[in-house]
Every structure is written in C-alpha cells, then in structure tokens.
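**Student:** Pasting in a structure now, in structure tokens, and then I'll have a few things to ask.
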Amino acid sequence: MSKWQDQACITLELACDAISNNHLRQAIILLDETCNFITQAHLRERNKIPKSNYKGRSPTMPFLLRLMIDQAEPKLSQKRMKILLALRELRNILVHQVSKKIKVNRYQCMVFLREILAFSSDYGVPQPKLIPSDLAEIQPIEILIEFGSKWKPNDRPANDKKHVREALEKRGMLSGIIANIGWPLVRCSLCQRLVPVDYLTTPQDEFTTEDNEPVRVYCLYGCSQAYQAFLKDQEKKGMFSLVLDSELYYLQPLLELIGGVPYEPL
C-alpha cells in the first residue's frame with residue numbers, strides 16, 4: 001500500500017468524524033480534499049497528469065476527474081464523475097462564501113460520503129474504522145425473502161444476477177438486495193415499495209435514456225395498472241392523445257431495458 005493511500009484514509013476518517021459531530025461544512029471540504037488527493041495521486045502514479053492544460057495553466061480538478069474516465073484503473077464512471085463534480089462545486093461555494101445562506105444537510109453529506117467511500121475503495125484506500133451509522137439508510141437494504149413455488153429468482157445464473165445488479169447500480173436505481181440469493185430490489189416510482197426487479201415495468205419512452213440515468217418504474221402489484229388508468233383519464237380530459245403518446249402508455253418489463261438477461265413475462 002502506498003503512502004498516499006494511507007494519507008487519503010486519514011482525511012476520510014476526519015470527514016467521517018466531522019459528519020458524526022455535525023460539522024457538515026467541514027465534512028464537505030474534507031470529502032472533496034479526499035477526492036482531489038486520490039485523483040492526483042492515482043494519475044501521478046500512472047504518469048497520466050499533463051504538465052499543463054488550457055493556456056499553459058495547471059490542470060483543474062474537473063479536468064483531472066474527466067481524465068479518470070479514460071486513464072484510471074479502474075476507469076471512473078460518468079455517473080460518479082458527475083457526483084464528484086457536484087461535490088467540488090458545493091465545496092467551492094462554501095469555501096469562497098458565495099452565499100452565507102447556503103446550508104449543508106446531513107443527508108447531502110451522507111450521499112457524498114457513500115460515493116467517496118466507493119471511489120476510494122476502487123483505488124486501494126483503506127476504509128475508515130468509524131463510519132457514521134446512518135450511512136446504511138442510503139445504501140441498498142439487505143432483506144430475506146422466502147420463495148413460493150411460482151417465483152424462484154435463485155434459479156438464475158450468478159452472472160445474470162451480477163449483470164442486473166451492476167446495471168441498476170450504474171443507473172442509481174439499486175435500492176435493495178435479497179440477501180439470501182443476491183437478487184436486486186428497486187423502489188416503485190408510485191408506491192415507493194421495494195420490489196424485485198422482475199416485478200417492475202417501465203414506459204416505452206424510457207428506453208431512449210442513457211445507460212447511467214434512472215428511469216420511472218411501476219410495480220405489478222397494482223401501480224402499473226394505476227399508471228395506465230391515470231393516462232386514460234388524462235386522455236379523456238383532452239390532455240394528450242394516446243395515439244401520439246403511446247410510448248407513455250405501453251409498459252415493458254424493466255429487465256428488457258437492462259438487456260442481456262433472459263426473462264419470462266409474468
């Protein structure tokens with residue numbers, strides 16, 4: 001383990017301590033500092049930092065984060081890069097006091113902490129010994145389910161399960177895990193229940209989204225029918241034509257959107 005990885009862990013521990021003691025502005029600055037330290041150290045270790053950027057200036061942190069998408073190992077995802085850039089923007093607002101009315105809430109800190117923990121782990125930084133206990137509230141929830149004879153996702157190959165979990169995580173939609181088989185759960189957009197991924201549908205127009213964007217989903221426990229009933233009611237009121245907006249009306253299995261895994265219509 002490199003010295004910079006130990007140093008990054010120390011900064012991350014300070015950030016966790018700041019969150020635990022409700023020093024949230026300080027926590028944001030420390031989390032951003034951790035991100036900067038890891039980014040520069042990793043790229044420098046791989047000899048990937050250019051000497052200068054635009055007009056001979058030193059490379060900025062947003063530039064280096066974008067460089068991590070192609071030059072890091074493992075490569076930084078577009079989704080995580082956007083979150084880290086949002087962290088940098090918030091840090092700049094706090095440090096330069098653009099507005100003293102800007103407040104940082106705990107949930108906001110916990111979201112950034114979750115991403116920095118995952119980011120640091122990717123590049124060999126040890127996890128802090130003390131992490132705020134309520135971090136679990138924004139991480140996928142692990143639950144146990146007893147299966148009936150009609151639905152047995154545990155029969156699915158391990159590679160299929162892994163592919164679906166990774167695809168949902170990339171979209172920021174992974175809200176839970178069935179712990180005894182590793183099958184993912186997603187929160188229904190209407191009733192907000194955690195539902196197995198193969199019990200969810202999504203409107204056809206969502207099939208045009210990027211792979212790293214979340215989509216609307218409606219469960220088969222009544223929400224998909226409620227969604228379609230709502231659209232029919234809107235059509236009767238002259239809000240739009242289902243002929244023109246059929247992509248809003250027709251629902252397809254969420255697993256179709258993910259692709260790469262077989263599914264059986266329920």
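The values are calculated or read from the model by the stated rules, or taken from the named source; none is laboratory data. As the structure is a prediction and not an experimental result, all values here were calculated from the model. Note that each Cβ is placed from the backbone with ideal geometry, even for glycine, and that neighbours are counted across all protein chains shown.
**Student:** Assuming Q192 fulfils every condition listed in (1) in a loop (DSSP other than H, G, I, E, B); (2) surrounded by 13 or more Cβ atoms within 10 Å (Cβ to Cβ) apart from one, which condition is it?
**Tutor:** Every listed condition holds for Q192 apart from (2).
**Student:** When you check P50 against the structure, is it at pLDDT below 80 and over 17 Å from L24 (Cα atoms), yes or no?
**Tutor:** Against the criterion (at pLDDT below 80 and over 17 Å from L24 (Cα atoms)), P50 qualifies.
**Student:** Hey, D211 hits all of (1) at pLDDT 80 or above; (2) within 25 Å of K82 (Cβ to Cβ) but one; which does it fall short on?
**Tutor:** In the conditions (1) at pLDDT 80 or above; (2) within 25 Å of K82 (Cβ to Cβ), D211 misses (1) alone.
**Student:** For the range 236-250, check the following and say yes or no: at least one residue is at pLDDT 80 or above and under 16 Å from L174 (Cα atoms).
**Tutor:** Step one: of the range 236-250, the residues at pLDDT 80 or above are 250.
Filter once more, so that each one left must be under 16 Å from L174 (Cα atoms): none.
So far as the range 236-250 goes, no, none of its residues is at pLDDT 80 or above and under 16 Å from L174 (Cα atoms).
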